[in-house]
Amino acid sequence: MEPKQIASRLQRAFSADVEKIREFRGQTTVTIGKRRSREILGHLAAWPEFSFDYLEDLCGMDYLGKKEPRFEVVYHLHSLKHRHTIRIRVPVSEDDCAIDSVVDIWAGADWHERECYDLFGITFVGHPDLRRILMPEDWQGYPLRKDYPVQSDLGEREWPGFTDVVKTAEENSRYEVR
Amino acid sequence: MPNEAKRFKTKELTLNMGPQHPATHGVLRLVLDLDGETVVKCTPHVGYLHRGIEKLAENRTYTAVLPLTDRLDYISNMTNNAGYCLAVERLFGIEAPARAKYIRTIMSEMTRISSHIIWLATHALDLGAMTVFLYSFREREGLLDLFEMTCGARLTVSYPRIGGVRCDVSREFLDGLYAFTEEFPRRIDEYETLIDKNRIWLQRTKGIGVLTAEEAINWGMSGPMLRGSGVSYDVRKDVPYDAYGDVDFDVPVGANGDVYDRYRCRMEELRQSNRIIRQCLDKLPPGPVLADEAPDLDMPFEAAKKQVPDMSLLHASISLVKEYDAVPEGELYSAIEAPKGELGFYLVSDGNTRPFRMRVRAPSFVHVSILPKLCAGHLLADVIANIGTIDVVLGECDR
């Protein structure tokens, strides 16, 4: 099925939840509301005419100062049966920074959602093991947010982890090794 | 003796494997819960090589992002570059000249061969077949020499450009590559005589790490990980890019979805890659290697404004028109078939010359996520076979 057809079919079925349909360079993006996002994505995977069985990608977006709500979760769906593709966007606001997990639909979403949580701070409700994945466990802040600096904002100060190591090394140097 | 066994309590042992471990192919760390020699639970920890490439890309121009991409999967650098260039070309609406497309296809397939060769060498080495390593590095050396001949670099090549390639290939390169393609099929036979029917190899790989077609699809596997389970999905066939539409090749698929079938798939892919290179060499068209509208290397951070003649005679004859932006506003997902699997670039542009967001869909990241499933309930020794079979490069996994 053509992406356009999928989008219009989707709009007919869920007219209250489909917010926007946009096309660019032959790729179709459907923006849907967060409230029923999991249900709609489940239908996209289950309905035989769509059968989007393959989650190509899942990632976050941050539109700080450009758009409200601020965040968006982007799903790239592909069907290996019909060989068609569609992109689904779900806006997520900063105050209620959570969205339903789709791990039970596509097992491959597991690590993608963890990464999105790690780098954007979007919580996935119902995820079996939501931990940081690329950053260390004790990392503060969410690096891919637009208000997170690219370069360190410490200035002359040292990174706390480094000062800790130096302190420990100095303490240990008091003990003489024979 | 039974009384003796009762007196000793047994409990699960937690074993830390990596991040510094030769069989993890980089800095992968696995926490293994062991019951005797059986793995009860396997928890991968990644991120030791995280350099924030996606964040860095947001603060560089489209042309300056290119050198970051060969640091993703540093073994198959050319395909990363080509994949990124293709994504930007599709976003900008540029078409590379025919010769550049053919050269990129040749380079991509050479990279596929060298990547699969490294995979074969290390995978076999992990499972105890040392000779394959020595044989396969001989061929890899030849390929790297050819890369060096063209662009001066062996690993971080940055050879493809947005809208083509950096420079044309030389006569010596083409002759050298032709000689390589003549010889290479015999070399593949050589590797196969070493391990294909080797009893130890068969015992270590048959029936290990089995993945059914449904599971592989559900977990988002791609490349040989998906094809080994019998699903014929290859981006080169589905959405032909560069010169793949003009060449003839087969997509090998496995049946059982075990380590052995994935090995057979990759070996067959080596032959197909060789075939593609030969066809491209025969058909290589003449002409330029860079499109006229390709963006300049010193692309300004602000989008270029087009100069157009002003229609009103009262004003100066030329004025800057603000509406025209060199970079269109929009979003695009473009995938290519990298040696590891589907490598996707998702670019979101806000009209500026820096990407608003660049997302890299790295096959290795997705493939590592399936390790707990492959390893649970199997022997500790099979963990090594499973890490080898997913063909992981942590630079790409951690980005």
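Every read-out reported here was derived from the displayed coordinates using simple, explicitly stated rules and does not represent laboratory data. Just so it is clear, the model here is predicted, and its values are computed rather than measured. Every residue, glycine as well, gets a Cβ built from its backbone with ideal geometry; the counts of neighbours run over all protein chains shown.
Measuring from each cysteine beta-carbon in chain B, the ones with no other cysteine beta-carbon under 4.7 angstrom are B:Cys85, B:Cys151, B:Cys167, B:Cys265, B:Cys280, B:Cys397. For chain A, what class follows from the C-alpha gyration tensor (a ≥ b ≥ c being the square roots of its eigenvalues): rounded when a/c is under 1.5, otherwise prolate if a/b is larger than b/c, else oblate? Taking the square roots of the gyration eigenvalues as a ≥ b ≥ c, chain A is prolate. Based on C-alpha pairs under 8 angstrom that are at least 6 apart in sequence, chain A has a relative contact order of 16 percent.
Please determine, in degrees from 0 to 90 and to the nearest 10, the orientation of helix B:380-389 with respect to the longest principal axis defined by the Cα atoms of chain B, where the helix direction is its Cα long axis. Taking the Cα atoms of chain B, the angle to B:380-389 is about 20 degrees.
Using a Förster distance of 35 angstrom, determine the FRET efficiency expected from the C-beta separation of B:Arg171 and A:Arg83, and round it to 0.05.
Numbers: r = 41 Å, r/R0 = 1.17.
It comes out at approximately 0.30.
Residues whose amide H comes within less than 5 Å of that of B:Ser222, counting only those at least five positions distant or on another chain, are B:Glu342 (H built at 1.01 Å from N in the peptide plane). Could you work out the relative contact order of the stretch B:41-102? I mean the mean sequence separation of Cα pairs under 8 Å and 6+ apart, divided by the number of residues, in percent. The normalised contact order for the stretch B:41-102 reaches 18 percent.
For B:Ala153 and B:Asp238, compute 0.36 nm times the residue count separating them, minus their Cα-Cα distance, and round to one decimal in nm. Write out the running numbers ahead of the final one.
Values: separation 85, 0.36 × 85 = 30.60 nm, distance 3.17 nm.
Using 0.36 nm per residue and subtracting the Cα-Cα distance, I get 27.4 nm.
Identify the residues of the stretch A:39-56 with backbone N under 20 Å of a label point that sits 7 angstrom from the Cα of A:Val125 along the Cα-to-Cβ direction, or state none. Zone members listed by number: A:39-44. The phi torsions of the stretch B:372-379, fed into the Karplus equation with coefficients 6.51, -1.76 and 1.60 and a -60° offset, translate into couplings of x, 5, 5, 8, 4, x, 10, 6 Hz, rounded to whole numbers, with Gly and Pro shown as x. Going from the residue with the fewest nearby Cβ atoms within 10 Å to the one with the most, B:His378, A:His76 rank B:His378, A:His76. Annotated for the stretch A:3-172: lysine pairs at least 8 residues apart or interchain, Cα distance under 30 Å, count 16. The length gained by stretching the chain between A:Asp95 and A:Glu49 to full extension, at 0.36 nm per residue less their Cα-Cα distance, is 12.9 nm. Using the Karplus relation 6.51 cos²θ - 1.76 cosθ + 1.60 with θ = phi - 60°, the per-residue 3J(HN,Hα) values for the stretch A:122-131 come to 8, 8, 10, 6, x, 6, x, 8, 8, 10 Hz, with x marking Gly and Pro.
Taking amide H atoms as placed 1.01 Å from N in the peptide plane, the amide H of A:Thr28 lies under 5 Å from those of A:Arg87, each 5 or more residues away in sequence or on another chain.
Suppose only helical runs count, i.e. DSSP H with n ≥ 4. What mean residue ellipticity at 222 nm does that imply for chain B under -39500 (n - 2.57) per run, divided by all residues and rounded to the nearest 500 deg cm²/dmol? Present the calculation step by step, with values, prior to reporting the outcome.
On the way: 16 runs with 183 residues, N = 399.
The helix-only estimate for chain B comes to -14000 deg cm²/dmol at 222 nm.
Give, as a single signed number, the net charge of other residues whose beta carbon lies under 13 Å from the beta carbon of B:Ala216, with Lys and Arg counted +1 and Asp and Glu -1. In short, -3. Scalar couplings 3J(HN,Hα) for the stretch B:21-29, obtained by applying the Karplus form with A = 6.51, B = -1.76, C = 1.60 to θ = phi - 60°, are 8, x, 8, 8, 6, x, 10, 8, 10 Hz; x denotes Gly and Pro.
So what's the angle, to the nearest 10 degrees on a 0 to 90 scale, between helix B:77-92 and the longest Cα principal axis of chain B? Roughly 40 degrees between the two axes.
Classify the stretch B:93-232 from the C-alpha gyration tensor, please: rounded if a/c falls under 1.5, else prolate or oblate depending on whether a/b exceeds b/c. Don't skip to the answer; put the middle values down first.
On the way: a/c = 2.67, a/b = 1.44, b/c = 1.86.
It is oblate, given that a/c is not under 1.5 and a/b is not larger than b/c.
If you line up the long axis of helix B:130-151 against the longest principal axis of chain B, both from Cα atoms, how many degrees apart are they, to the nearest 10? Once rounded, the angle reads 10 degrees. Across chain B, the mean sequence separation of Cα contacts (distance under 8 Å, 6 or more residues apart), normalised by length, yields a relative contact order of 26 percent.
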